[in-house]
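Notes follow the structure.
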């Protein structure tokens, strides 16, 4: 579920989402990861951006608020996998 009535998210947040989606879908034995894992994955995926933990955490919150992710018991889940 993606909210199309708002302006698009910044490209680096969309890139982060794509990386999280791919990682959860193809590299994990479970369907979620915790916030710390998501932050570490983002830091590894985009070292050139020099993002802080706080910036990545903010991006994750924006993805949750926009409906890309949802969180249960500190676990992040993809709302809907794209084909």
| Can you spot a residue in the range 57-69 that is at pLDDT below 90 and not in a strand (DSSP E or B)? | no
| Cross-chain or 6+ apart pairs with Cβ under 8 Å, the range 71-83 first and at negative phi and surrounded by 10 or more Cβ atoms within 10 Å (Cβ to Cβ), then modelled with pLDDT of 90 or more and part of a loop (DSSP other than H, G, I, E, B) | 78/68; 79/67; 79/68
| Out of 21, 54, sole residue that is more than 17 Å from residue 67 (Cβ to Cβ), modelled with pLDDT of 85 or more and either touching a strand residue (DSSP E or B) at 6+ places or on another chain (Cβ under 8 Å) or in a helix (DSSP H, G or I) (or both) | 54
| query | Considering the range 24-51 alone, what residues qualify as being within 13 Å of the chain's Cα centre (by Cα) and part of a helix (DSSP H, G or I)? | reply | 24, 25, 35, 36, 37, 38, 39, 40, 41, 42, 43, 45
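The values are calculated or read from the model by the stated rules, or taken from the named source; none is laboratory data. Please read these numbers as outputs of a predicted model, since none were measured by experiment. Methodologically, a virtual Cβ is constructed for each residue, glycine included, from the backbone with ideal geometry; neighbour enumeration extends over all protein chains shown.
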